[in-house]
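Taking it in order: structure first as structure tokens, then the write-up.
Throughout, read-outs are computed from the coordinates displayed, never taken from laboratory work. Since the model is a prediction, treat every value here as computed from it, not as a measurement. Positions of Cβ are backbone-derived with ideal geometry, glycine not excepted, and every protein chain shown enters the neighbour counts.
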Amino acid sequence: MTFDPNQSLPQEEVTERVDQAIEENDVVLFMKGTPMMPQCGYSERAIGLLGQHREDVATVDVLESLEEFRTALERHSDRETIPQTFVDGEFVGGSDILAQLDERGELADRLAV
Amino acid sequence: MDLTEVERLIEEAVANAEAEVRRARHEGDDEHLAATVVSPAFEGESLVDRHQQVYDALDEHMTTDIHALEVETFTPEERG
């Protein structure tokens, strides 16, 4: 799969995909790359932390259309940075929040639906 | 982005905040940053809301000048 960094999809299509992924999944992670091939350290850290507590983490590779995914995600979380985690439709945070919740032993509860 | 400028923007936006910003990765990388922010304004706020205050302070710089920002927030009591 050759990767074209400036490929992009129509905004409406990406917005719908984001809204749907957040609504339909208990836990969804918007990341750069995939769990098998994360393309950024923060995304890798996030999927690693989530994977310790849940096997059913849905992931979306925002590199398919990065700017459009940033725009669509900002409507849900007020921020454009990646990765972003949503549980039960609610924004949980980026990799730093996941790590801090984990350090305090609160991550499992936060991911419980 | 200049670290002291990032600290200034955070301290200006978050009431009575003390911000310490450093490079999250290696020396030359000014785009992946980490910030530790202490402020009484975080009292009773969830992690997400605390972090949001810091992100809002840097709004127009996020993903452009600052590619990633690792945030840690404490109230003075939590900081000990």
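Distance between the modelled labels on B:SER46 and A:GLU67, one decimal in nanometres: 3.2 nm (7 Å Cα→Cβ projection).
Per residue of B:43-50, other chain Cβ atoms within 10 Å of the residue Cβ number 3 on average.
Restricting the GluC sites (Glu not before Pro) of the range A:1-79 to loop positions (DSSP other than H, G, I, E, B) with no more than 11 neighbouring Cβ atoms within 10 Å leaves A:GLU55. What is the helix-to-structure angle for B:47-57, meaning the angle in degrees between its Cα long axis and the longest Cα principal axis of chain B, kept from 0 to 90 and rounded to the nearest 10? Around 50 degrees separate the two axes. Spin-label model, B:LEU3 to B:GLU20: label points 7 Å out along the Cα-to-beta-carbon direction sit 1.1 nm apart. With both residues required to sit in the protein assembly as shown, DSSP beta bridges show an antiparallel share near 55%. Normalised by the number of residues in chain B, what is the relative contact order in percent for Cα pairs under 8 Å and 6+ residues apart? It comes to 34 percent, rounded to a whole number. Taking the Cα centre of the range B:3-79 as reference, the dipole from Cβ charges on Lys and Arg (+1) and Asp and Glu (-1) amounts to some 160 debye. In deg cm²/dmol, rounded to 500, what helix-only [θ] at 222 nm does the protein assembly as shown give when every DSSP H run of at least 4 residues adds -39500 (n - 2.57) and the total is split over its residues? So the helix-based figure for the protein assembly as shown works out to -11500 deg cm²/dmol. Taking the charge dipole of chain B about its Cα centre, with +1 at Lys and Arg Cβ atoms and -1 at Asp and Glu Cβ atoms, the residue from B:HIS67, B:ALA34, B:GLN53 reaching farthest to the positive side is B:ALA34. Tell me the relative contact order for chain A as a rounded percent, counting alpha carbon contacts under 8 Å between residues six or more apart. Relative contact order here is 33 percent. DSSP assigns beta bridges within chain A; of those with both partners inside it, close to 65 percent run antiparallel.
In this simple spin-label model, placing a label point 7 Å from the Cα along the Cα-to-Cβ direction at both A:GLU74 and A:MET36 gives a separation of 3.4 nm.
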